[in-house]
1. Could you list the residues of the stretch A:52-68 with an amide nitrogen less than 17 Å from a label point located 7 Å from the Cα of A:THR20 in the Cα-to-C-beta direction?
2. Among the lysines in the protein assembly as shown, how many pairs, 8 or more places apart or on different chains, have alpha carbons under 27 Å apart?
3. I'd like the FRET efficiency for A:TYR95 and B:ASN64, computed as 1/(1 + (r/R0)^6) with the beta carbon distance as r and R0 of 25 Å, rounded to 0.05.
4. Ranked by Cβ crowding within 10 angstrom, fewest neighbours first, how are B:ASP81, A:ASP56 ordered?
5. Give me, ordered by chain and number, the residues 5 or more places off B:SER82 or on other chains with an amide H under 5 Å from its own placed amide H.
6. Counting alpha carbon pairs within less than 8 Å and at least 6 residues apart, what relative contact order, in whole percent, applies to chain A?
7. Using the Karplus curve 6.51 cos²θ - 1.76 cosθ + 1.60 with θ = phi - 60°, work out ³J(HN,Hα) for each residue of the stretch B:35-40 in order, rounded to whole Hz, and write x for Gly and Pro.
8. Quick one: if you stick a label point 7 Å off each Cα along the C-beta vector at B:THR12 and B:HIS56, how many nm between them?
Amino acid sequence: NAGVTQTPKFQVLKTGQSMTLQCAQDMNHEYMSWYRQDPGMGLRLIHYSVGAGITDQGEVPNGYNVSRSTTEDFPLRLLSAAPSQTSVYFCASSYNPDGDTQYFGPGTRLTVL
Amino acid sequence: KNEVEQSPQNLTAQEGEFITINCSYSVGISALHWLQQHPGGGIVSLFMLSSGKKKHGRLIATINIQEKHSSLHITASHPRDSAVYICAVIRGTSGSRLTFGEGTQLTVNP
């Protein structure tokens with residue numbers, strides 16, 4: 001199994017550009033989530049999904065969209081990038097939403113100029 | 001005040017020392033995770049616990065639900081244990097939505 005994969009690993013955007021961060025898992029996990037990690041702060045939840053077709057907002061959802069058309073994929077879209085979105089983004093998945101082991105992707109380091 | 005507080009923020013130890021990292025939380029939880037973030041950035045799950053104690057190799061995690069406190073212990077520390085250790089809680093009503101501490105940077109010198 002590849003586990004949780006994320007692409008790209010690194011990305012530089014200009015303010016106002018849009019892009020999609022890809023996340024995929026091959027473990028048939030129902031629960032997937034996106035986090036951002038900033039210096040001096042803990043990981044913060046952006047959006048999450050408890051299954052295909054179901055998504056909900058986390059702690060810091062503004063400026064991001066998600067969709068979950070399949071169990072495997074959970075892309076994160078930045079609609080109009082801002083410097084405040086410079087961060088490291090992690091995707092994670094788990095088998096069920098009741099506190100199972102979390103599996104994290106390798107992260108995407110995004111810089112918005 | 002953060003809902004999840006870790007101490008210390010930074011910890012430097014000599015190889016072989018016994019290490020303790022603490023996590024206190026202020027909300028009701030259904031479970032607590034300890035995670036390890038490698039210098040390269042990858043995050044792996046070490047433990048998930050809702051009561052008592054768990055052990056895996058040289059790592060031991062304990063939790064006291066009444067006191068809202070958990071500890072991660074590393075016995076016979078080694079330079080390869082150098083990493084950021086992160087405590088995260090699952091709040092009682094939020095399913096698998098995690099709330100994270102800021103992490104403890106551990107450096108083990110040979």
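Every number here is computed from the coordinates shown, using simple stated rules; none is lab data. Note that the structure is predicted; figures quoted are calculated from it, not measured. Cβ coordinates were reconstructed from backbone atoms using ideal geometry, including for glycine residues, and neighbour counts include every protein chain displayed.
1. It comes to A:52-55, A:64-68, nothing else.
2. 4
3. Efficiency, from the Cβ-Cβ distance: 0.40.
4. Going from sparsest to densest Cβ surroundings: A:ASP56, B:ASP81.
5. B:VAL108
6. Averaging sequence separation for qualifying contacts and normalising by length gives 36 percent for chain A.
7. In residue order, the calculated couplings are 10, 10, 10, 6, x, x Hz.
8. Label-label distance for B:THR12 and B:HIS56, simple model: 2.9 nm.
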